[in-house]
Amino acid sequence: MPLNPQAEQVRQRRVETGVPPLYTRTLAEARAADLADIQAGAGDPEPVHQVVDREFPGSGGQIRLRLYRPDAPGPLPVLVYF
């Protein structure tokens, strides 16, 4: 199965610039390099209308959650990282 075109562009850019693969680095180096690459390609940040921190009960204690809300009419899609 072919790689997603955007993912292929990222991969090709890393190959062309001689960036070592993440798996050849220490965990700390790989995380830092990956974050730097993401931030470099991210462009200008989107404005955030509201940031809300909340907690809810979980089986091991309170689970923290942060909501980023745009200034836009809803309903809006949701993206969850966990």
Here the qualifying pairs (Cβ atoms under 6 Å; residues six or more apart or on different chains; first in segment 53-82 and without any contact (Cβ under 8 Å) to a residue 40 or more places away in the chain and of a type outside the set (D, E); second assigned to a loop (DSSP other than H, G, I, E, B) and open to solvent by 100 Å² or more (accessible area, probe 1.4 Å)) come out as R69/H49; P70/H49
All conditions in (1) touching a Lys or Arg at 6+ places or on another chain (Cβ under 7 Å); (2) polar (S, T, N, Q); (3) surrounded by 10 or more Cβ atoms within 10 Å (Cβ to Cβ) are true of Q9 except (1)
Note on segment 57-73: residues open to solvent by less than 100 Å² (accessible area, probe 1.4 Å) and within 16 Å of E46 (Cβ to Cβ) are L67, R69, P70, A72
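So that you can scan it fast, the table gives a plain yes or no per residue for (1) more than 14 Å from the chain's Cα centre (by Cα); (2) at pLDDT below 85; (3) charged (D, E, K, R); (4) open to solvent by 70 Å² or more (accessible area, probe 1.4 Å):
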| position | (1), (2), (3), (4) |
| --- | --- |
| V15 | yes, no, no, yes |
| A28 | yes, no, no, yes |
| R31 | no, no, yes, yes |
| D37 | no, yes, yes, no |
| E46 | no, yes, yes, yes |
| V51 | yes, no, no, yes |
| E55 | yes, no, yes, yes |
| F82 | no, yes, no, yes |
For segment 1-27, pairs from a residue that is within 15 Å of D37 (Cα to Cα) to a residue that is small (G, A, S) and in a helix (DSSP H, G or I), with Cβ under 7 Å and 6 or more apart or across chains, are L22/A30; L22/A33; R25/A33
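The values are calculated or read from the model by the stated rules, or taken from the named source; none is laboratory data. Computed from a predicted structure; not experimentally measured. Cβ coordinates were reconstructed from backbone atoms using ideal geometry, including for glycine residues, and neighbour counts include every protein chain displayed. Note: accessible area is taken over every heavy atom of the protein model, side chains too, but ligands, DNA and RNA are not part of it. Shrake-Rupley method; radii C 1.70, N 1.55, O 1.52, S 1.80 Å.
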